[in-house]
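Reviewing the structure listed below.
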Amino acid sequence: MNRIPDVVVTALALCFLTLAASAAPMQRLGVSRQDPHCLAYEDGTPFFYLGDTAWELFRRTTRTEADRYLQKRKDQGFTVIMACGPGAEKMSGQLNTGVHLPNRYGFTPFVDEDFKTPRVVPGPENDYWDHVDYVIDQCEQLGLYVALLPCWARDYVPNPIDAPTAYEIGRWYGRRYGDRIHIIWVLGGDNQGNNPTEIEIFDRMAEGLAAGAGKDHSELLMTYHCNGWQDDPHSSGYYLHDKPWLDFNGAQSGHYRDGLQGPYFNPPYETMADDYAREPVKPSVNLEATYDGIYDGFRTSNPRLNAHDVRKTAYWTMFAGGAGYTYGNNNVWQFYSALYEPRFHADTPWDRVMDNASAQQMTIMKRLLLSRPCFGRVPDQTLIVAGVGTRGDYKTAVRAQDGSYALIYAPTRQTFSLDLTKLSGTVNAWWYNPRDGLCYDQGAAVTTKPFAQYPTNGPVEFSPPGDNPDWVLVLDDAAKGFSAPGR
C-alpha cells in the first residue's frame, strides 16, 4: 500500500523552503502512517480531499474555459478535480454521448473507437490528448490534484474492454502520465465491478498502469469508482478492499435525497461507517455524491436536489469516517452550454453556477474540519444518547480520540442529548452554521465566543437555534485553547 512517512525528511523540507518564494512543487500523496484512515502529503501533514466532479472537462472545454474553471475551483478551496480521460457515458437518456464524439477542437480520443489505439499526432495541439495534457499541466501549476479515470467502465466493461484491452489501456496511460505525482488513478466508472470477470479486468488495468509507468503499483495512488444504485455495492470496500493496488476505497452515495431509493436505503453514513471498520485499515472517499440541481432520483416528478441536500451528504460522509468528499453540480460536471443538449435535465450554463452556495459551503466544511486536529479523529455515535433521528434527521458525531473536541452534525433542528463524559475538561460549546461558516449563540446571534460551557459529568440536551435548517455543534476542551470553529 502507498504509505507516507510520519515525519518530514530534512532534505525534502529544505527543498520546499528553498522553493517557497516561487511556485512550490506539488507533493506526492499517500495513506498517512500516523492515521491510516486519512490521506497525507509526502511530508506527513494531512491532505484534505475536497474534489469537484468534472467528468467532461477534457472533452467539452476550450483551453480558455478550462483555465477559468480550474482557477475558480482553486480559489474556492477545492483540492482535487475528477475527470474521465475520453469523456463519460456512452448513452445519457436518449442522447448518444460516446467516445466517438470530438472535443472542442474537433479531435476524437481513439482511432475507430478502439481503446487500444489512442489517436496521437506529433505536436502540442494536434490531437485530443494534447488538450488533456494541457489541463493536467494547468492543474499542476495551480496545485490541484487530478482524479483521472482511464475510461467510463459502466458502458465499456467487459465489452469491448476485456482484460487484455484493460492492460493495454493502463500501460498507455502509465507511459504518458505515470510520472505525474499529482494524479490519483481512479479505476472503474459507475459500474458494479463486483464479479470475477470485471475484477480481473481492473486487476489487469492496475497492472498495466504500473508497467507503463515503470513502477510498482505501490508508487501510484489508486482507488475505484463504483456505482450507487439500489442494492448494488456503494463502495469498493465491499468487494475490492483487499486488493493490493487499492490504496483507498471509493464510495458513491448517489443522487437520491437522504439515500432513499424506492425500497432501498443506502445513506452515506452507513457506507462510510462500514468502510471505516474494515481491516486492514484504508481511507474511504465519497467519489460521487448528491449533485446540486439534479432531480431527486433522476425523476422530474421529484424536486431538484439543493444545497441542503449537498451539505447533509458531505457532513454525513466526513463525520462517519470519510477521508474526503467529492462535490458535484449537475450543470458543471457535463459543462452544459448552448453547444450541447442537456443531460439529466441540466438547465443553466456551467459557468453561471460555479459560485452556487453549495460549492461555497464545501469550503466552509473544509475550514471547520481543518480548524481541529485531523489525525486521531474517530466517528463515535455513542456520543448521542437521545434524539439521534432517522433518515434525513439522522445526526452524526465525530470526536478526537483524546476527547479534546467533538463535532456533531444536526441536519434538522431536532433536539438531541450528548454524553459529555467522553470529552475532557470543561467543554466550550459553539453552534457553527454550515451555510455561512459563522458561529452563533443560543439566540441565533452571530458570536465570536462559545455560547456556553459545560462540565463533562453526564448527558446534556442541545436544541439548535434559529430557523437555520442544519447546524454543527462544536465542543472543545476549554484548556486546549482552540480557535473559533472554522478559523
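The values are calculated or read from the model by the stated rules, or taken from the named source; none is laboratory data. In this text the structure is predicted, and so the values were computed from the model without any measurement. Because the Cβ atoms are built from the backbone with ideal geometry, glycine has one as well, and the counts that use them run over all protein chains shown.
Scanning the stretch 95-121 for residues that are among the hydroxyl-bearing types (Ser, Thr, Tyr) and crowded, with 17+ Cβ neighbours inside 10 Å yields THR97, THR108. Scanning the stretch 76-121 for residues that are small (Gly, Ala, Ser), more than 20 Å from THR64 (Cβ to Cβ) and either without any contact (Cβ under 8 Å) to a residue 12 or more places away in the chain or assigned to a strand (DSSP E or B) (or both) returns a single hit, SER92. Residues of the stretch 128-153 that are of a type in the set (D, E, K, R) and either closer than 18 Å to PHE110 by Cα or touching a Phe, Trp or Tyr at 6+ places or on another chain (Cβ under 6 Å) (or both): ASP130, ASP133. Looking at the stretch 417-487, the strands (runs of 3 or more DSSP E) lying wholly inside it that each contain 1 or more residues that are touching an Asp or Glu at 6+ places or on another chain (Cβ under 6 Å) and loosely packed, with under 14 Cβ neighbours inside 10 Å sit at 459-462. Looking at the stretch 356-374, can you tell me whether even one residue there is more than 29 Å from SER417 (Cβ to Cβ), free of Cβ contacts under 8 Å to residues at least 60 places away in the same chain and assigned to a loop (DSSP other than H, G, I, E, B)? Checking the stretch 356-374: not a single residue is more than 29 Å from SER417 (Cβ to Cβ), free of Cβ contacts under 8 Å to residues at least 60 places away in the same chain and assigned to a loop (DSSP other than H, G, I, E, B). Just name the residue that is farthest from ALA66 (Cα to Cα) out of those in the stretch 292-334 that are among the aromatic types (Phe, Trp, Tyr) and in contact with a Ser or Thr (Cβ under 9 Å, 6 or more places away or on another chain). In this case the residue turns out to be PHE319.
Provide a single number: the residues in the stretch 324-381 that are among the hydroxyl-bearing types (Ser, Thr, Tyr) and surrounded by fewer than 21 Cβ atoms within 10 Å (Cβ to Cβ). Here the count works out to 5. The single residue among ASP393, ASP402, ASP441, ASP419 that is touching a helix residue (DSSP H, G or I) at 6+ places or on another chain (Cβ under 7 Å), on the phi < 0 side of the Ramachandran plot and not assigned by TED's automatic domain parsing to the domain that holds TYR315 turns out to be ASP419. Only residues that are touching a Gly at 6+ places or on another chain (Cβ under 6 Å) and either assigned to a loop (DSSP other than H, G, I, E, B) or surrounded by fewer than 18 Cβ atoms within 10 Å (Cβ to Cβ) (or both) were counted in the stretch 222-252, giving 2. Residues of the stretch 282-303 that are part of a loop (DSSP other than H, G, I, E, B) and farther than 17 Å from TYR224 by Cβ: THR290, TYR291, GLY293, ILE294, ARG299, THR300, SER301, ASN302, PRO303. If you scan the stretch 122-168, which residues turn out to be part of a helix (DSSP H, G or I), surrounded by 24 or more Cβ atoms within 10 Å (Cβ to Cβ) and in contact with a Pro (Cβ under 7 Å, 6 or more places away or on another chain)? Within the stretch 122-168, TYR128 is the sole residue that qualifies.
The C-beta contact set for the stretch 463-480 (first residue under 13 Å from TRP430 (Cβ atoms), second residue among the β-branched types (Val, Ile, Thr) and part of a loop (DSSP other than H, G, I, E, B), distance under 7 angstrom, 6+ apart or interchain) comprises ALA478/THR426. When the criteria are applied in full, ALA251 fails the requirement of being over 28 Å from LEU305 (Cβ atoms), in contact with a helix residue (DSSP H, G or I) (Cβ under 8 Å, 6 or more places away or on another chain) and either modelled with pLDDT of 95 or more or hydroxyl-bearing (Ser, Thr, Tyr) (or both). In the stretch 390-412, the residues that are part of a strand (DSSP E or B) reach residues that are loosely packed, with under 15 Cβ neighbours inside 10 Å with C-beta atoms within less than 8 angstrom, at least six apart or across chains, in these pairs: VAL398/VAL378; ARG399/VAL378; ALA400/GLY376; ALA400/VAL378. Here is a check on your reading of the model: is PRO124 over 19 Å from HIS100 (Cα atoms), modelled with pLDDT under 95 and either in the same structural domain as LYS74 (by TED's automatic domain parsing) or among the hydrophobic types (A, V, I, L, M, F, W, C) (or both)? Taking the combined requirement at face value, the residue satisfies it.
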